[in-house]
1. Ranked from the most accessible area to the least, with a 1.4 Å probe and all protein chains present, what is the order of Val109, Val99?
2. Once you order the gyration tensor axes a ≥ b ≥ c over the Cα atoms, which shape class does the stretch 109-181 get: rounded for a/c under 1.5, otherwise prolate or oblate by comparing a/b with b/c?
3. Residue separation times 0.36 nm, minus the C-alpha to C-alpha distance between Thr174 and Ala196: what's the value?
4. When the Cα centres of the stretch 114-150 and the stretch 38-63 are compared, how far apart do they sit, in Å?
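The values are calculated or read from the model by the stated rules, or taken from the named source; none is laboratory data. On a predicted model such as this, the values are computed, not experimentally measured, just so you know. Note: areas computed on protein heavy atoms with side chains; ligands, DNA, RNA excluded. Shrake-Rupley method; radii C 1.70, N 1.55, O 1.52, S 1.80 Å.
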Amino acid sequence: APTAYLADEFLQLQELSQGECLGGRSGFVHGKYGIPFNLDQWSGYLAERERFFEAVARANDAKGGHENALVVYSGDSHNAWASDLRGGRGEQGPAAGDVVAAEYGVTSVSSTGFESFMRFVSPELVTAGFEAANPDLKYANTKGRGFLLVDLTHEAHKGRYVYVDTVASSQYKTFCEASLDYGSGVAERRSGLTRAACPPELLQEL
């Protein structure tokens, strides 16, 4: 279903700019032929990314596994993501399939994201497309505005994605959509992020 403020436009004829038309076509080509979506992100720096993963894997091994595993935060896309960072694509990299770190992409508080510049596609469809293209993407939300609430200890990392139902009014409701947890031990961290329900008392503490 479309977001509420775009419901009237969903599946209706729209006047699209030349840039929006080209963007839609290029997105199809990227998906069909496996071309990196944005060369200004990690997908445009594959060799450098693999060297980074190698360094992280060596640091993990030097510390006896994933006892001091790396967690990466990002936020430039204005949308929410949570992914396993998996090595093994390079000749000298970690063994294929090894999760070397977890990445939390944090949504913006009020600035728009994919729901703005891909307004001709339902945000749910955009999210489903990204998840289908990347099995290491454990969570995505391409329309919500909010923040990431982090619970970090020596044993585990929990990232709770909290949103508001509107940024257009001072009257809003807050809700937690998902908790992405990164391990309470070596074995759990090697298997990557796990998705869990938000604790009921979370919003009472905010």
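1. On the way: Val109 105, Val99 5 Å².
These residues rank, largest area first, as Val109, Val99.
2. Numbers: a/c = 2.81, a/b = 1.15, b/c = 2.44.
Because a/c hits 1.5 or more and a/b fails to exceed b/c, the stretch 109-181 counts as oblate.
3. Values: separation 22, 0.36 × 22 = 7.92 nm, distance 1.82 nm.
Additional length available on full extension: 6.1 nm.
4. 24 Å
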